[in-house]
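J.: Take this structure first; my questions come after.
What follows is calculated from the coordinates using simple rules that are stated; it is not laboratory data. Computed from a predicted structure; not experimentally measured. Backbone-built Cβ (ideal geometry, glycine too); neighbour counts: all protein chains shown.
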Amino acid sequence: MGILDGRTILVAGVTMESSIGFATARVAQEQGATVLISNFGRALGITRRIAGRLPVTPPVLELDVTDDDHLAGLADQVREHADHLDGVVHSIAYGNPETLLGGRFLEGPWDDVSQAVQVSAYSLKSLVTACRPLMSSGGSIVGLTFDATQAWPAYDWMGVAKAGLESASRYLARDLGPDGIRCNLVAAGPLKTLAAKAIPGFEDLESAWKDRAPLGWDETDHDPTARAVVALLSDFFPATTGEIVHVDGGFHSQGL
Ligand code: NAP
């Protein structure tokens, strides 16, 4: 018996097997969930191929979170496979690595910053409102952040976008709580994924984690993060919303 038995979950933002979304979809299936996954654009073909590597091949939906038509049609896309959703995972972020990341904070141009904020923060609201008609019995939203309470090397404008995501999650918790919908984030430590590889200087964060996380940190192991997301999707956090759960080996709790 799994903690997501009988639940239907949409995981948005799965490209490769290395995606946190992929690990989340796998753990959710292992815990009994029916899973749908989504991605967009040219990578959709890759997502369709790697979907077959999950324990159960899930439907792959097309969703660009900046595309109003995709958002408007999302509930109907889901209804082709399921009549409701119990949970939604937001595992989506983008910031132009050439202009916004890797130590170029003072030069970051607004057009690219606005794209990063739209894709990485505003999209939590967009995704949730698109899915809301399918969550009339309540449910759980979980997103992924990289602790935005401090400035990091290299992370730059993506850190600002994550601060927006964290705030948006709290407002969604406020507005959706009365409908029985919880909204929480998992703040993961650095993990080797496509998005992380695109950040120039990300290896400095990885080595800081190795040095300082009390529990140690394996940047190739996505399971602790995926399991925390699945726990938040389940009934085991029934009175928790607007929260950020750190899955970082304890790094955030330590000084030098
Ligand atoms: P990932 O595999 O690259 O996942 C990011 C996903 O966002 C990709 O599937 C990407 O699709 C998708 N995406 C980008 N723009 C989109 C758009 N307009 N519409 C829909 N989807 C879009 O990298 P990841 O590391 O697993 O990232 C997942 C989440 O975890 C992100 O929020 C990230 O910030 C967060 N996180 C990551 C780390 C880490 O160290 N890796 C740590 C903490 C938090 P394409 O690949 O097709 O562009």
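J.: Report ³J(HN,Hα) in whole Hz for each residue of region 90-101, in order, from the Karplus equation J = 6.51 cos²θ - 1.76 cosθ + 1.60 where θ = phi - 60°; Gly and Pro get x.
T.: Here the 3J(HN,Hα) series is 9, 10, 10, 7, 7, x, 4, x, 7, 10, 10, 10 Hz.
J.: Continuing with this model, one more query. Sum up the charges of everything whose Cβ sits under 14 Å from the Cβ of L61, counting Lys and Arg as +1 and Asp and Glu as -1, but leave L61 out.
T.: Taking every other residue near L61 into account, the sum is -4.
J.: Order of M158, M135, M1 from fewest to most other C-beta atoms within 10 Å?
T.: The fewest-first ordering by Cβ neighbours comes to M1, M135, M158.
J.: Here is a follow-up. May I ask you to evaluate 6.51 cos²θ - 1.76 cosθ + 1.60, the Karplus curve with θ = phi - 60°, for each residue of region 9-20 and list the ³J(HN,Hα) values in order in whole Hz, giving x for glycine and proline?
T.: 10, 9, 10, 9, x, 10, 10, 10, 4, 7, 5, 4
J.: Shape of region 22-109 from its Cα gyration tensor (a ≥ b ≥ c, root eigenvalues): rounded if a/c is under 1.5, otherwise prolate when a/b > b/c, or oblate?
T.: prolate
J.: If you put +1 on each Lys and Arg Cβ and -1 on each Asp and Glu Cβ, how big is the dipole of region 1-144 around its Cα centre, in Debye rounded to 20?
T.: 400 debye
J.: Among V89, V14, V113, which one shows the highest mean-square fluctuation when the chain is modelled as a Gaussian network with alpha-carbon springs under 10 Å?
T.: Result for the chain, Cα springs under 10 Å: V113 fluctuates most.
J.: Further question on the same structure: Per DSSP H run of at least 4 residues, take -39500 (n - 2.57); add these up for the chain, divide by its residues and hand me the 222 nm value, nearest 500 deg cm²/dmol. Kindly include the intermediate steps, with their values, before the conclusion.
T.: Details: 9 runs with 95 residues, N = 256.
Calculated from helices alone, the mean residue ellipticity at 222 nm is -11000 deg cm²/dmol.
J.: Could you identify which residue out of G139, G159, G201 has the top mean-square fluctuation in a GNM of the chain using Cα springs shorter than 10 Å?
T.: Between G139, G159, G201, it is G201 that shows the largest mean-square fluctuation.
J.: Sorting H70, H222 on the 10 Å Cβ count, fewest up front, what's the list?
T.: With the sparsest Cβ surroundings first, the list reads H70, H222.
J.: Using a simple charge model, +1 on the beta-carbon of Lys and Arg, -1 on the beta-carbon of Asp and Glu, nothing else, what dipole does the chain show about its Cα centre, in debye to the nearest 20?
T.: Taking the Cα centre of the chain as origin, the dipole is about 300 debye.
J.: Return the lysines within reach of K162: Cα separation strictly under 22 angstrom, same-chain partners fewer than 8 residues apart disregarded; answer none if there are no such residues.
T.: K125, K192, K197
J.: Is the shape of region 172-256 best called rounded, prolate or oblate, per the rule: a/c under 1.5 gives rounded, else a/b larger than b/c gives prolate, else oblate, with a ≥ b ≥ c the square roots of the Cα gyration tensor eigenvalues?
T.: Values: a/c = 2.34, a/b = 1.99, b/c = 1.17.
Cα axes put region 172-256 in the prolate bin.
J.: Cα centroid distance between region 109-123 and region 136-150, in Å?
T.: Rounded to whole Å, the Cα centres lie 18 Å apart.
J.: Another question about this same structure. Could you list which residues have their amide H under 5 Å from that of S140, counting only those 5 or more apart in sequence or on another chain, with H placed in the peptide plane?
T.: Counting only residues 5 or more places away or on other chains, the set is G87, V88, R182.
J.: When Lys and Arg each count +1 and Asp and Glu each count -1, what net charge do the other residues less than 15 Å away from P109, Cβ to Cβ, add up to? Before the final figure, lay out each step's value.
T.: Values: positive: R104; negative: E98, E107, D111, D112, D156.
Spelling it out: positives minus negatives among the neighbours equals -4.
J.: With the contact rule set at Cα under 8 Å and sequence spacing of 6 or more, what percent relative contact order holds for the chain? Don't skip to the end; give the middle numbers.
T.: Details: 516 pairs, mean separation 50.1, N = 256.
Relative contact order comes out at 20 percent.
J.: Cα centroid distance between region 15-92 and region 156-179, in Å?
T.: 21 Å
J.: Compare the Cα positions of A72, V88, G103 along the charge dipole of region 8-248 (+1 at Cβ of Lys, Arg; -1 at Cβ of Asp, Glu; about the Cα centre) and return the one farthest towards the positive end.
T.: V88
J.: Which value, in debye to the nearest 20, describes the size of the charge dipole of region 110-222 about its Cα centre when Lys and Arg Cβ atoms bear +1, Asp and Glu Cβ atoms bear -1, and nothing else is charged?
T.: Numbers: 10 positive and 14 negative charges, 102 e Å.
Using Cβ point charges on Lys, Arg, Asp and Glu, region 110-222 gives about 500 debye.
J.: Using +1 at the C-beta of Lys and Arg and -1 at the C-beta of Asp and Glu, which of T24, A161, S234 has the Cα lying farthest in the positive direction of the dipole of the chain?
T.: S234
J.: Could you line up T145, T99 from fewest to most neighbouring Cβ atoms inside 10 Å?
T.: T99, T145
J.: Radius of gyration and Dmax for the chain's Cα atoms, expressed in Å?
T.: Final numbers for Rg and Dmax: 17.1, 52 Å.
J.: Also: Towards the positive end of the charge dipole of the chain, with charges on Cβ (+1 Lys, Arg; -1 Asp, Glu), say which of W217, T149, P59 has the farthest Cα.
T.: P59
J.: By a straight-distance test (C-alpha under 14 Å), which aspartates and glutamates pair with K210 as possible cross-link partners, with residues fewer than eight away in the same chain excluded?
T.: Of all the aspartates and glutamates, those that pass the test against K210 - Cα under 14 Å, at least 8 places apart if same chain - are D218, E219, D221, D248.
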